[in-house]
Structure formats: C-alpha cells, structure tokens
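Have a look at the structure below before the remarks.
The values are calculated or read from the model by the stated rules, or taken from the named source; none is laboratory data. Source: prediction; values computed, not measured. Here Cβ is always computed from backbone atoms with ideal geometry, including for glycine, and neighbour counts include all displayed protein chains. Note: accessible area is taken over every heavy atom of the protein model, side chains too, but ligands, DNA and RNA are not part of it. Shrake-Rupley method; radii C 1.70, N 1.55, O 1.52, S 1.80 Å.
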Amino acid sequence: MVNHFLNTTEQNLVQGAWYRPESTRFCIWAPQRKCVELLYEPVGGTWQTMVLSKTPTGHHVGEISHLPAGSRYWYRVDGDGPFPDPASHFQPEGVHHPSVVVDHRFEWTDHDWQGVSPEDAVIYELHTGTFSPKGTFQAIVEHLDYLQSLHINVVELMPVGDFPGDRGWGYDGVKLYAPARCYGSPNELKSLINAAHQRGIAVILDVVYNHLGPDGNYTGVFSDRYFTRRHQNPWGDSLNFDDPAALPVRQFFLDNVRFWLEVYHVDGFRLDATHAIIDDTQPHLLAEIARITHECQPKRARIVIAEDPRNDRRLVLPASEGGDGLDSIWTDDFHHQVRRLLAGDHEGYYADFTGTLPDLVKTIRDGWFYQGQFAPSYEENRGTTPVGLPHHSFVYCIQNHDQVGNRAFGERLHHEIDLPAYAAATALLLCCPQVPMLFQGQEWAASTPFLYFTAHHDELGHQVTAGRRREFGAFTAFRDPEKRETIPDPQAESTFLASKLQWDETRSMPHAGMLKLYQDLLQFRSTEIAPRGTERFIELIDQCVVLLISGKTSQYLALFHLDRSIPHCQATIPKSLFHQKFAEFAMQWSTESPNYLMSPQPPEWHQDDTHLTVRFQRPGAIVLRCKAE
C-alpha cells in the first residue's frame, strides 16, 4: 500500500515523510521559498540538518538512509522556524511540536473483506473521545462486539485528523494525515479498522476539506497559495482548489483521500460541509474524491457521503449523467420535520418546516422536502428534484453530532420528548427505506448530553466561548444575557467529561428497554425487510403514517402514531388500498412491548374482510405481517 506513495515522480509528488527501512523520503511543497532545511533527530541520536532539493514543481525533497521509524523532524524555511510538517503522519507531542516518521507496515488480516454497499448500510456515528471512558481507538475495539450485536455495519468516526489540545470535535483539525495523538497511535487506528472488518463492520472517516483550523495550521509558512481570496466560505478565505498555480494544493487533499484508503484501509468518507468546498474547475474536487474512492480496490464496496444542505441531486448523480458520483447525502429535511413535529422546535432553520404529518410523509416519499421552493431561513429557493434517485442517496437520522451538539445544552431528542414518542420516531427511522444513521448512545436513550467542547489556548478559547454564547442570543430562550452565561463553557474540561457515554446505563430500565427496541428493530431491518431494492408504499391515513414494506419472506404493514397533540389515534385502512388484497394480518412487533417500556399501552387492532382498524392510546408504532388472499 505505501509503495503507491513512495514511487512517485516530480509530476506527482506526495508530501510528507515516507518511511522505508533502507531510506526515508521527505517532501514538502514550498514554491515561493528559496531554501527548506530538514531538521531531524534519529532515535537515540542528536539533531542534524539537511538542505532539501527544490524541484521545478516547487517541491523540496530529500532522502535519508536508514533513518529509524520514530525519529523526530521538522522544517526551517528561509531561515525561519522550525515548523512541523503540514503532511505529518503523527504528532505525539501536539500539533505545534516536531513531527515523527511513521513505519506504516502493518499485519492486516482483512484481505477477503468486501466492504458494505451503500444500499445495505446502517451507520453509527461516534466521537472517539466520548464514546468510551478511555476515549481511545483501542476502547472502540472493546465495543465492536456490542455494535455487531446491534446489527450496525458501518461506523462513522468523527474527524480524527490531529487538532490543538487534548479534546475537541475534530472540525478544527490541522494535521489531516495524522491521527489525533489523544486517541492513539497510527497502528492503534489500523488495529481498530482491522478488527471492525473482522466483524463485518466498515469504517468511514468524517473528513474536513473545506477549511483548516485556526490554531496549528502551518501551511502558510510554506506557501500563501493554500487559500484564495477569490472565494469565501463561512470560515473566511476558501481553500485554493481551482487555481492552476496551486494544483499541488488540490493534490494535497486528493492524496489524503488515497492515504486513508490505502494506508489505513478505510471504507469511505463523510465529507464535511461540501457546499463550502468551492471549485470552479471540472471535474469538481468532489467528483475526483468519489472517483478515487470507488476506483481504489474496485472489488471492495466503498461509501462517500456529503454533508450538504442544498438538496442538490448532482452530488449523487453518476459522472456519466453530469454528477459528482457520490453515494449519499446527509438529508436534514427528515430530521427537521421529525424534530418540529415531536419537540416543537420552530426557530432558525426549523422555521422552514411545518412538522405536519402530510409534510413528513411527503419528505419520506420523495427523499427530501425542499425541491426548489423558497426557504425562509436561507432567503432563497432551495433544493432540486429527487425524482429517480435511489433510496440510498439519502441518509436519515433523528440525532447526529450537529443536531445535538449545536444545541445550547447538548440535549438529545429523547431529553425533550417522552419515551413512547421517541420509540415511535425510532421505529419510523428504521423502517424507512433510506439509509439510517444512529448517533452514539441514542440506542439506549443515553442520559448524557453531547456538548460542544474545545481545548484551545486561552486567547482563542475565550473567543470561542464568547462567540458560542453570542450566537444563541438570536434565540428567544437566550435573549437574556444572564441566561446565555449558563451555557456550558466549551473550554471547560467538565463540558467534555459530561459528554462521555455512561455505559452502565444499558443494564437498567428505561435504557435497557430502548436498547432492546433498537436491537430488535435493527435485526428486523437487516434480516427481514431487506432495504436493498425494496419498495415502500407510504400514506397518511386518519393521522397515522402507514408504510407497506416488501420483506424477504412476507409483506409488512407498519403504522406510526407521531402526533403528540392527539391523545388517541385511530386508523381504519381498507384492504383494497394496496396492490393486492390481504386476507389477514398477524402481530410482528410493537413499540408498546413490556420489553421496551416499563408501563406499556399496547395499541388495539382488529380486522374484518374489508378493513383493518388500529387504535393507539399514545404515540407509538406497530408492525403487522400481511398474509395475501
């Protein structure tokens, strides 16, 4: 795998320190700099200096024979410095300290691994630092059997590229090639991925290619061409992807894609804020990322997901149809409709959604809600038609790190509504044909919040804390400055610690009941209702969402009562409504089982020759197995 990066030419130079036992090759792009010196300290030796050779492409390269892995190094640029390597593979002392040469040889055992196709994906998003008490890659390995028993087949790691401090979400990363040292070593990340593959679980990385963090980004030391003022995004000047004089910038990020695929065997990517990746060239950077990902070991399934609010079908159209060729899009419309319906959120972007049952049904039926109509919070028209897009083009969730962590107190959906309604929303998510995604802990209705936390230096940290509290001033609940002061300080270690999952909860009610519900629903989804290629009939009947599912061995009728303003909900469904008549129905499962809730109120149902009637006492869901005439 590593040889791909070592056997390069001046036309395709890959930045970083590339170790081989016989020699280590160093490469850094600094086209406007006259002299780049490599300062290196062999393991057990003393610091030495070598002037790198400048190539016509502006790369500075050099090789050192028999340099031991683990040796430290950094660069001096035109006499200034020293500075760490922007393409460093590991920063054991932090992002402001020397880089380290890494031996990437590893005993992989996943040679027969075929990956997970987007059509079959059930995604579990997690944050390494808060997923376990230890907060490490190795600690995730200890929970892989749990995830396997939950019928999770894709783990999505929030960004692991190294960032300043010893805690953070990872979206302020500055070392895109270096696993964060607070989570573990390069080999420990490889061990996690290898162990996941052994259990049939794919691992995709959340990567940030739209900006770099404000602290520890040393790219400007080597070249001022990494960013351009021709384009602006929410973080300021855009990364320079479309300037002919800055092609190595584009290559730096595409090489990062290859690096994670080939050196770490990752199974794909979640691309952060793709709307902020501005590129006027063709093919677009996103299309190149998709092509590289899918062409790397083509017999192994890969997944590329965009986080993008534009509802732009071009992202997932194949290149042959003028699209970027990504597999899926995080589709927030479903989450926003559910959240407004169940929890009543109505400010900010929630103002764009009614949360009514008809609009929720339309969203599920089509894939997303906004298809070109005016969106008030955007102050413009939003979206394109989803007609013809396969179900796996849409990733659905009722929680994710943004929708929880960007709330003032990190409240999860089940903190805002009662468990019967939460169980109903869960059942809807997992019965829909779109790709479901869970956020760590939602499967047992975790009591812990997921807050925004950082560990910046004092000056930047104070700015982050003040800025976060200021942002919430636009919301009614936080117009009082004293109320804003109660928002947890992102810089406080207690904010981070409060976000760690409490695994002991899973052994007692009500958490154990929710976990059992998720286990049973995900088993039902993975073994019976066969998401790949199945069709769903969805209607709103008497204020109940009704879903007809074609399973592997039977057809199933699912009913969901989601409107908490209606104490009782009754749906009378004519059997003639469907393509074929059903002679009778049999109970499959209900969210109102004593296995799931401590005080269940099972829905009542009966049938005659022509109709099926179901009456709910409160929000819930029921699935019936259909027997045809």
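At 10 °C and a viscosity of 1.306 mPa s, what translational diffusion coefficient does Stokes-Einstein give for region 487-629, taking Rh as the Kirkwood radius over Cα pairs? Give it in µm²/s as a whole number.
92
What is the Å³ per residue value for the convex hull set by the Cα atoms of region 1-151? Walk me through the numbers on the way to the answer.
Values: hull volume 27.1 nm³, N = 151.
In region 1-151, the Cα convex hull volume per residue is 179 Å³.
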> So what does the Cα-only Debye profile of region 71-197 read at q = 0.12, 0.13 Å⁻¹, as log10 I(q)/I(0), no solvent term?
Replying inline: -0.52, -0.60
> What is the P(r) of region 19-68, as percent of Cα-Cα pairs per 10 Å bin from 0?
Replying inline: 26, 50, 22, 2
>> Quick check: the distance between the Cα centres of region 502-573 and region 344-412, to the nearest angstrom?
In response: 20
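Whenever you get a sec, line up Lys34, Lys54, Lys500 from highest to lowest accessible area (probe 1.4 Å, protein heavy atoms). Intermediate results must be reported in sequence, preceding the final value.
Details: Lys34 180, Lys54 100, Lys500 25 Å².
Result of the area sort, largest leading: Lys34, Lys54, Lys500.
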> Given a Förster radius of 56 Å and the C-beta distance between Ala628 and Met50 as r, what FRET efficiency does 1/(1 + (r/R0)^6) yield to the nearest 0.05?
Replying inline: 0.15
> Roughly how many Å is it from the Cα centre of region 457-500 to that of region 248-274, as a whole number?
Replying inline: 32
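Which length gain, in nm to one decimal place, applies between Ser565 and Arg310 when the Cα-Cα distance is subtracted from 0.36 nm times their residue separation?
Working: separation 255, 0.36 × 255 = 91.80 nm, distance 3.15 nm.
So the extension gain works out to 88.7 nm.
What number of lysine-lysine pairs in the chain show an alpha-carbon separation below 12 angstrom, given a sequence spacing of 8 or more or placement on distinct chains? The partial results should precede the final answer.
Working: Lys34/Lys54; Lys134/Lys500; Lys575/Lys627; Lys581/Lys627.
So the count works out to 4.
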> Under a point-charge model restricted to the Cβ atoms of Lys and Arg (+1) and Asp and Glu (-1), what is the dipole moment magnitude of region 215-296 relative to its Cα centre, in debye to the nearest 20?
Replying inline: 80
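Would you kindly state how much longer the chain becomes between Phe374 and Ser508 on full extension, computed as 0.36 nm times their sequence separation minus their alpha carbon distance, in nm to one decimal?
Numbers: separation 134, 0.36 × 134 = 48.24 nm, distance 4.67 nm.
Length gained, Phe374 through Ser508: 43.6 nm.
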> Under the definition of Cα pairs under 8 Å and six or more residues apart, what whole-number percent is the relative contact order of region 464-613?
Replying inline: 16
> What are the principal axis extents of the Cα atoms in region 335-465, in Å, biggest first?
Replying inline: 51, 37, 26
> What is the Cα convex hull volume of the chain when expressed per residue in Å³?
Replying inline: 156
>> Not counting ligands, DNA or RNA, and with a 1.4 Å probe, what is Glu539's accessible surface area in Å² rounded to the nearest 10?
In response: 70
> About the Cα centre of region 480-629, what is the dipole size in debye to 20, counting +1 per Lys and Arg Cβ and -1 per Asp and Glu Cβ, all else neutral?
Replying inline: 460
>> With +1 on the Cβ of every Lys and Arg and -1 on the Cβ of every Asp and Glu, and nothing else charged, how large is the dipole of region 124-206 about its Cα centre, in debye rounded to the nearest 20?
In response: 180
>> Given an 8 Å cut-off on Cα distances and at least 6 residues of separation, report the relative contact order of region 273-342 as a percent.
In response: 29
>> Considering the Cα positions of region 91-158, please state its Rg to one decimal place and its Dmax as a whole number of Å.
In response: 15.5, 43
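What is the percent carbon and sulfur in the accessible area of region 482-560, measuring with a 1.4 Å probe over the protein chains and ignoring ligands?
Details: 1520 of 3340 Å².
Roughly 45 percent of what the probe reaches on region 482-560 is carbon or sulfur.
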> Which residue, chosen from Trp29, Leu540, Gly348, occupies the Cα position most advanced towards the positive end of the dipole of the chain, where the dipole is computed from +1 (Lys, Arg) and -1 (Asp, Glu) charges on Cβ about the Cα centre?
Replying inline: Leu540
>> Of Leu497, Gln523, Gly467, which is farthest towards the positive pole of region 458-531's charge dipole, taken about the Cα centre with +1 and -1 on the beta-carbons of Lys, Arg and Asp, Glu respectively?
In response: Gln523
> Under 16 Å from a point 7 Å along the Cα-to-Cβ line of Arg479: which residues of region 334-378 have their amide N that close?
Replying inline: 346-348
>> Regarding region 132-174, what's the average projected area of the Cα-atom convex hull, expressed in nm²?
In response: 3.5
> What does the convex hull of the Cα atoms of region 235-360 come to per residue, in Å³, rounded to a whole number?
Replying inline: 147
> Which number comes out as Rg/Rh for region 429-504 once both Rg and the Kirkwood Rh are worked out on C-alpha atoms?
Replying inline: 1.09
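Gain in length, Tyr349 to Glu63, computed as 0.36 nm per residue apart minus the alpha-carbon separation, to one decimal in nm?
That works out to 97.7 nm of additional length.
For Cα pairs less than 8 Å apart in space and 6+ apart in sequence, what is the mean separation divided by the residue count of the chain, i.e. the relative contact order in percent?
10 percent.
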> Any idea of the accessible area per residue across the chain, 1.4 Å probe, to the nearest Å²?
Replying inline: 38
